[in-house]
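Notes follow once the structure below has been shown.
Throughout, read-outs are computed from the coordinates displayed, never taken from laboratory work. Bear in mind the structure is a predicted one, so any value in this text is a computation, not a measurement. So basically every Cβ, Gly included, is an ideal-geometry build from the backbone, and we count neighbours across all protein chains shown.
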Amino acid sequence: MADVVTVALTGLNARPENPAPGMAVARCLAETTGRSVRLIGLGYESLEPGLYRRDLFDSTYLLPYPTTGGGAFRERLLAIHAAEHIDVLIPCLDAELPVCIALAGSLAKSGISTFLPTREQFTFRAKDRLVGAATEAGIATPRTCRVSDPAFFHSCMNHGWHYPLVVKGSIYEATVAYTIQQAVAAFNTIAGRWGHPILVQSHIVGDECNLCTIGDGQGGLIGPVMMKKRGLTDKGKAWAGVCIEDDVLLEAAQRLIAHLKWRGPCEIEGIRSANGNFHLLEINPRFPAWVYFTHGVGRNLPAALVEVAQGRPPPNFPRPAVGALFIRYAEEVVLPMHDFESIVTTGSLPKHEEALEWMA
Amino acid sequence: MERALDDAYKGDLQLPLDVIKRLAVNDSGFVFDPVSGKSFSTNETGKAILKLACTERDPRRIAGMLVAQFDVELSLCEREVLEFVSVLRRLGH
């Protein structure tokens, strides 16, 4: 009998300026060699295009937002599991990770494997605690402070801050502010969208570089891939990038992962300043939206994650194809109204054969 | 350019050798830095300078070698070497 693994994953929105990673993870898994992968797509909104990609997913379902509480999320997930027999779950969004981490034990008892950080690891890399984690690992970070009152931006120059500076949400979004007015506006927008705390960071001039990997939970890295952004969207996300090989970035990542004993996928974002020093900006606790590029350069990290989640050894990766580039583009999914109706009314898309019967 | 000229008198390219050695240069003059991810195109003279710079640090001696290779005056060649070095610096190499 063929070795088939059923993988459920989230993050199916694919907004061109700031896509979630789910579609890229799905494409990596669909192109996995050696094992047959059955994909189940999990979304939160009826307009997430991945919900309608029958060419990628065997079935797709809507989930309740994790903010509604772990109980409803778990109940829905187990109902989907009863229908689909999920082997591995890959959460792809920051906001759902606390719930998934809390449920990992009970999901495992139900037969659903995950490969996630512990709650402590997850909390330790949070944006408002990152400076402490980085300092302990001996990695430089930009000066950072929490701000709860926009009056800060009028007086911060008296305390050693200089414009431009970076205004960041604790979960998503960051804006470079060049004036007091821009900083106050960014503060209000980000706080309104994502809540408090708001963080302020000094702006480091240099080249942003990123590393995607899987922490093995023992302090080691599985298949690191480094990428330098070559083109940005309006939200500062990569729409073009090139594979690089930077020993300074790699060494920083090794020290961080070893210090945190990180378990699971992650993206390390940093800046190489003009003098060559590395400054850590963020550790994202999941695959980045550019993760398809890891497969493109010879290191299919989502496929490796499925292996380690099931207790198998990770593959022996070749050296990545340094110099390879990616350029992202957006495309439309065209769907019949009854597919949309099915998602809206039942929270799931019928399997392909059922849809064909319906259409007949 | 002024600083480059000063460096020339010091007899050193003032560009780290490891940076020059890591640059990947193809036949058409496309240059890629695998560490910074930056790329640019150069002409035959630039290709020749990069090749020579892997073993020779003195810009004037590089210019001398180019004179032996191409039909060009030494003063013009020195200026081209220094200009090329200054462009590399501006690109952050």
Subject >> Angle in degrees between helix A:70-84 and the longest Cα principal axis of chain A, rounded to the nearest 10 >> reply: 40
Original post:
Nearest 10 degrees, 0 to 90: what angle lies between the long axis of helix A:180-194 and the longest principal axis of chain A (Cα atoms)?
Top reply: 30
Subject >> chain A - charge dipole about Cα centre, Lys and Arg +1 at Cβ, Asp and Glu -1, debye rounded to 20 >> reply: 840
**OP:** Order the peptides A:109-120, A:203-214, A:35-46, A:157-168 from the highest to the lowest mean number of other Cβ atoms within 10 Å of their residues.
**Re:** A:203-214, A:35-46, A:109-120, A:157-168
Original post:
Relative contact order for chain A using alpha-carbon pairs under 8 Å, separation at least 6, rounded to a whole percent?
Top reply: 18
Original post:
For B:Arg90 and A:His338, what does the FRET efficiency come to when R0 = 60 Å and r is the distance between their Cβ atoms, rounded to the nearest 0.05?
Top reply: 0.55
**OP:** Pull out a ≥ b ≥ c, the square roots of the eigenvalues of the alpha-carbon gyration tensor of the stretch A:1-98, then state rounded if a/c is under 1.5, prolate if not and a/b is larger than b/c, and oblate in the remaining case.
**Re:** oblate
Original post:
Taking every residue in A:340-349, how many Cβ atoms of other protein chains lie within 10 Å of its Cβ, on average?
Top reply: 0
**OP:** Report, to the nearest 10°, how far helix A:247-260 tilts away from the longest principal axis of the Cα atoms in chain A, using its own Cα long axis and a range of 0 to 90°.
**Re:** 70
Original post:
Can you sort B:Thr45, A:Thr33 so the residue with the fewest Cβ neighbours within 10 Å comes first?
Top reply: A:Thr33, B:Thr45
**OP:** Can you bin the stretch B:2-90 into rounded, prolate or oblate? Criterion: square roots of the alpha carbon gyration tensor eigenvalues sorted a ≥ b ≥ c, rounded for a/c under 1.5, prolate for a/b above b/c, oblate for the rest.
**Re:** oblate
Original post:
Kirkwood Rh over Cα pairs of the protein assembly as shown into Stokes-Einstein at 4 °C, 1.567 mPa s: D in µm²/s?
Top reply: 53
**OP:** Return the percentage of antiparallel bridges among DSSP beta bridges fully within chain A, rounded to the nearest 5 %.
**Re:** 75
Original post:
What does the convex hull of the Cα atoms of the stretch A:143-202 come to per residue, in Å³, rounded to a whole number?
Top reply: 63
Original post:
Here are some pairs, A:Lys237/A:Lys261; A:Lys127/A:Lys229; A:Lys127/B:Lys21; A:Lys237/B:Lys51; which of them have Cα atoms lying more than 32 Å apart in this structure?
Top reply: A:Lys127/B:Lys21; A:Lys237/B:Lys51
**OP:** Quickly estimate the mean residue ellipticity at 222 nm for chain A, helices only: each DSSP H run with n ≥ 4 gives -39500 (n - 2.57), and the total goes over all residues, rounded to 500.
**Re:** -9000 deg cm²/dmol
Original post:
When you look at the Cβ of every residue in B:35-45, what mean number of other chain Cβ atoms sits within 10 Å?
Top reply: 4
